[in-house]
1. Where residues in the range 120-150 are part of a loop (DSSP other than H, G, I, E, B), touching a strand residue (DSSP E or B) at 6+ places or on another chain (Cβ under 8 Å) and at negative phi, which of them is surrounded by the fewest Cβ atoms within 10 Å (Cβ to Cβ)?
2. Output yes when any residue across the range 88-100 is part of a helix (DSSP H, G or I), surrounded by fewer than 20 Cβ atoms within 10 Å (Cβ to Cβ) and either touching a strand residue (DSSP E or B) at 6+ places or on another chain (Cβ under 7 Å) or touching a residue at least 12 places away in the same chain (Cβ under 8 Å) (or both), and no when none is.
3. Out of curiosity, is residue 61 touching a strand residue (DSSP E or B) at 6+ places or on another chain (Cβ under 6 Å) and within 17 Å of residue 87 (Cβ to Cβ)?
4. Can you pull out every residue in the range 19-50 that is in contact with a strand residue (DSSP E or B) (Cβ under 7 Å, 6 or more places away or on another chain) and at negative phi?
5. Name the residues in the range 1-16 that are part of a loop (DSSP other than H, G, I, E, B) and either without any contact (Cβ under 8 Å) to a residue 12 or more places away in the chain or under 16 Å from residue 237 (Cβ atoms) (or both), would you?
6. What do you reckon, is residue 51 part of a loop (DSSP other than H, G, I, E, B), at pLDDT 95 or above and within 26 Å of residue 234 (Cβ to Cβ)?
7. If a residue has to be assigned to a loop (DSSP other than H, G, I, E, B), touching a residue at least 12 places away in the same chain (Cβ under 8 Å) and more than 21 Å from residue 3 (Cα to Cα) to count, how many in the range 54-83 make the cut?
8. Identify, by number, the condition in (1) in contact with a strand residue (DSSP E or B) (Cβ under 8 Å, 6 or more places away or on another chain); (2) surrounded by fewer than 16 Cβ atoms within 10 Å (Cβ to Cβ); (3) not in a loop (DSSP other than H, G, I, E, B) that residue 260 doesn't meet.
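The values are calculated or read from the model by the stated rules, or taken from the named source; none is laboratory data. Here the structure is a predicted model, which means the values were calculated and not measured. Cβ placement follows ideal geometry from the backbone for every residue including glycine, while neighbour counts extend to all protein chains displayed.
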């Protein structure tokens, strides 16, 4: 058994499908986790259904929300039971913020969402449709993760100011000042940035996970913080400049990670 973790997709369905097929056929992946910015918009999901041409993903594909989603529409689909049809018809499982699951014997905790660094934040805290994670969601996740004793945490972005060392893009410096700091959010220092609610989650976890995976930054980075291995898995939409798509395989038996190439150069272009 092995878990394949994929980065931001942004509705580039051909590359996603090719990566999942390759991960299963060539690397023995028995389940997939995608870390958000999947492409949950009412104009894009029908295109995924069309691209799948009546078949299901060969293994269960577990996804969370990123910041670039239509959150009001997505959570409306969850409430209406549409996501249950996606699970049945596509083998696509959507996880709400704070969900836990056992996947191939791995206890996983999910907490999607993140701040926009390049545009205004959207959504309603009262309706639970914000792109960013609110403190109550982080608190609920902390309680759920502790109860489930999760070994793997899956988020879209990462905590800030704890030594992970994700550096913000210089091109986004003014946008961060305008859309994050000026709106009262603390994204941490520019050289160790991330989500305030995820920092809150990290400080609340008495039992840190063995691994914590995230995307958002469209780059690959690995760093150890205390007993937790943090891994930024890049993207699978081609925006990280890597061809073919890069995937990250976790062997639950040995708890070892392997970075693999998926598909062929030019797939999905």
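1. Across the range 120-150, the extreme among qualifying residues is 132.
2. Start the filter on the range 88-100 by keeping residues that are part of a helix (DSSP H, G or I), which leaves 88-90.
Among the residues that remain, those that are also surrounded by fewer than 20 Cβ atoms within 10 Å (Cβ to Cβ) are: 88-90.
The next check asks that each one be either touching a strand residue (DSSP E or B) at 6+ places or on another chain (Cβ under 7 Å) or touching a residue at least 12 places away in the same chain (Cβ under 8 Å) (or both); those that pass are 89-90.
Looking for residues that are part of a helix (DSSP H, G or I), surrounded by fewer than 20 Cβ atoms within 10 Å (Cβ to Cβ) and either touching a strand residue (DSSP E or B) at 6+ places or on another chain (Cβ under 7 Å) or touching a residue at least 12 places away in the same chain (Cβ under 8 Å) (or both), one finds at least one in the range 88-100, hence yes.
3. It is true that residue 61 is touching a strand residue (DSSP E or B) at 6+ places or on another chain (Cβ under 6 Å) and within 17 Å of residue 87 (Cβ to Cβ).
4. Of everything in the range 19-50, those that are in contact with a strand residue (DSSP E or B) (Cβ under 7 Å, 6 or more places away or on another chain) and at negative phi turn out to be 19, 20, 22, 23, 27, 29, 31, 32, 33, 34, 35, 38.
5. Here is the first cut: in the range 1-16, the ones part of a loop (DSSP other than H, G, I, E, B) are 1-2, 7, 9-12.
Scanning the range 1-16 gives 7, 9, 10, 11, 12.
6. No.
7. The number of residues fulfilling the criteria is 4.
8. With (1) in contact with a strand residue (DSSP E or B) (Cβ under 8 Å, 6 or more places away or on another chain); (2) surrounded by fewer than 16 Cβ atoms within 10 Å (Cβ to Cβ); (3) not in a loop (DSSP other than H, G, I, E, B) applied to residue 260, the lone miss is (2).
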